[in-house]
Amino acid sequence: MRESGHAAPDVAAAISAEMKRRSVEFLSLLDELVSIDSGRDAPEGIAKVQDVIANRLTRLEGVAVERHHQDGVAHLAVVISGGDARVALLGHADTVLARGTAAERPLRVEGHVGYGPGVADMKGGLAMATLICEALVDLGDHPTIELVIVGDEETRVVAPPFMDRLESADACFVLECGRPGGGYIVRRKGGLWARMEAKGRSAHAGVQPDWGTSAIVQLCQTVGIIAELHRVRDDLTVSVGTIAGGSAPNVVAAEAWADVDIRAFRDDDLDWARRRVFDICERASLSVHETGRWPPMGLVDESLSSLYQDAGRGLSVPLHPESTGGMSDGCWTSTAGIPTIDGVGPEGSNDHSPEEYIDLASVPARAGALAGAITATTRNDRSNTERGEKE
Ligand SMILES: [Zn+2]
């Protein structure tokens, strides 16, 4: 079955021990990545994060780097040639944080917990993957590894760059943070966003209030109806996340708009909620249009999931699959038929908040489990028909 000379548990134990030895180096790489602002307002920072990693990995033998720029944003693929099997490690260099956050909140370590902007989402995962790649090359027996680090995961609403590369992978591991207590992600909800716009007629609110028609009133009445779709079906969530309108307190509002966020594990439920939202808007004479859609993470790939669990077993890490309402690029790879598991980075939580953290003590075992699963991945000749059936 496996062509590799090292057994997965041996690799897991070796890499885990190596990460323990290199904990200071891990922390210094993490510190370097966290100190770079890489939000959507800092495209040069996104490229810098990728460069730090590419510069380290190009020192290794058999490494090729590919860069791709789109709309001013950089994307990176580092290919480390090895055995026949192809393993994708998928991450993103961008964060949701504004320029200046890195200086405001530098990496702070308290006991075994590391706090800082983007540590969990996902600079901890990037630092860990970089050290794993180095350690596996040292070990000298690994599949071909493609480390893909995109620059626009937090803002994009279409499939990621390098999809053609990823589609040839036998397994895809997404480097979002692991869940505390050994959780990793096998299911994610898909999401759909729509913008609703109300048009009224402006008038002086004191002199001729009845001559005007308030777009704000019209929109808010509709928002109330849409909010009731929340949890009407199992696992379906509906949230109106933004709202704005009007021009001044003394003017009846001519315009108002709001954005709705719909999430579900099944495309059917997304479609159903979309139809309901569009019907409700039409009846209220509001215009509405879809602004983006992410597919749910598709079928759970049981064999990849157990490969990862088995690799972690020797390390006494109680790895177990979980699901989440948050989306990641794993939704796209899984939908494309690539066996995918997610949440294989260091354990952490509170993404997108000032309390974001990773558990540094989880790094050796998580790195070991991931390295073990990487080396245990075998060539998988999926035909197009099989992929079609899977979807
Ligand atoms: Zn993320």
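Coordinate-derived values only; no laboratory data. Remember, it's a predicted structure, so these values are computed and weren't measured experimentally. A quick note on method: Cβ atoms are made from the backbone with ideal geometry, for glycine too, and the neighbour counts reach across all protein chains shown.
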Original post:
Between rounded, prolate and oblate, where does the stretch 25-120 land on the alpha carbon gyration tensor, with a ≥ b ≥ c its root eigenvalues, rounded for a/c under 1.5, else prolate if a/b exceeds b/c?
Top reply: oblate
Original post:
residue 66 to residue 244: extension gain in nm, 0.36 nm per residue of separation minus the Cα-Cα distance?
Top reply: 59.9 nm
Original post:
Once you sort the root eigenvalues of the Cα gyration tensor of the chain as a ≥ b ≥ c, which label holds: rounded (a/c under 1.5), prolate (a/b larger than b/c) or oblate (the other case)?
Top reply: prolate
Subject >> GluC sites (Glu not before Pro) within the stretch 339-374: DSSP coil, no more than 14 neighbouring Cβ in 10 Å >> reply: 355
Original post:
So what is log10(I(q)/I(0)) for the stretch 137-178 at q = 0.25 1/Å, when the Debye sum runs over its Cα atoms only?
Top reply: -1.06
**OP:** Please work out whether the stretch 190-294 counts as rounded, prolate or oblate from its C-alpha gyration tensor, where a ≥ b ≥ c are the square roots of the eigenvalues and a/c under 1.5 means rounded, while otherwise a/b larger than b/c means prolate and anything else oblate?
**Re:** prolate
**OP:** Considering only 318, 339, 143, give the residue with the highest GNM mean-square fluctuation for the chain, with springs between Cα atoms whenever their separation is below 10 Å.
**Re:** 318
Original post:
Mind checking the angle between helix 43-57 and the chain's longest principal axis? C-alpha axes, 0 to 90 degrees, to the nearest 10.
Top reply: 10
**OP:** Would you look at the GNM of the chain, springs on alpha carbons closer than 10 Å, and say which of 348, 246, 337 moves the most?
**Re:** 246
**OP:** In whole Hz, with x marking every Gly and Pro, tabulate ³J(HN,Hα) for the stretch 361-377 from phi via Karplus 6.51 cos²θ - 1.76 cosθ + 1.60, θ = phi - 60°.
**Re:** 5, 7, 4, x, 5, 5, 5, x, 4, 5, 4, x, 5, 4, 6, 7, 5
Subject >> Residues 239, 38, 214, 323 arranged by fewest to most Cβ contacts within 10 Å >> reply: 239, 323, 214, 38
**OP:** With a point put 7 Å past each Cα toward its Cβ, work out how far residue 235 is from residue 197 in nm, to one decimal.
**Re:** 3.5
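DSSP loop trypsin sites (Lys or Arg not before Pro) in the stretch 45-138 with at most 10 other Cβ atoms within 10 Å of their Cβ, which ones?
59
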Subject >> Within the stretch 157-256, trypsin sites (Lys or Arg not before Pro) in DSSP loop having at most 10 other beta-carbon neighbours inside 10 Å >> reply: 231
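Restricting to the chain, what percent of DSSP beta bridges are antiparallel, rounded to 5?
Percent antiparallel among DSSP bridges in the chain is about 70.
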Subject >> Rounded to 10°, Cα long-axis angle of helix 302-313 versus longest principal axis of the chain >> reply: 60
**OP:** Find how many whole Å separate the alpha carbon centroid of the stretch 261-323 from the alpha carbon centroid of the stretch 197-221.
**Re:** 38
Original post:
Taking θ as phi - 60°, what are the ³J(HN,Hα) couplings along the stretch 198-208 by the Karplus curve (6.51, -1.76, 1.60), each to the nearest whole Hz, with x for Gly and Pro?
Top reply: 10, 10, x, 10, 7, 7, 5, 5, x, 8, 10
Subject >> Ranking of 119, 207, 157 by count of other Cβ atoms within 10 Å, fewest first >> reply: 207, 157, 119
Original post:
DSSP beta bridges in the stretch 45-164, what fraction antiparallel, as a percent rounded to 5?
Top reply: 65
Original post:
Of the residues 340, 101, 213, which exhibits the maximal mean-square fluctuation in a Gaussian network model of the chain defined by a 10 Å Cα contact cut-off?
Top reply: 213
Original post:
How far is it, in nm, from the label point at residue 113 to the one at residue 51 when both lie 7 Å from their Cα along the line to the Cβ?
Top reply: 3.5
Subject >> Spin-label zone in the stretch 272-296 - amide nitrogen under 18 Å from a point set 7 Å from the Cα of residue 225 along the C-beta vector >> reply: 272-290
Original post:
Going by alpha carbons, how many degrees (0 to 90, nearest 10) lie between the helix axis of 8-21 and the longest principal axis of the chain?
Top reply: 80
Original post:
Under the rule of -39500 (n - 2.57) per DSSP H run of 4 or more residues, summed and divided by the residues of the chain, what mean residue ellipticity at 222 nm is obtained, to the nearest 500 deg cm²/dmol?
Top reply: -10500 deg cm²/dmol
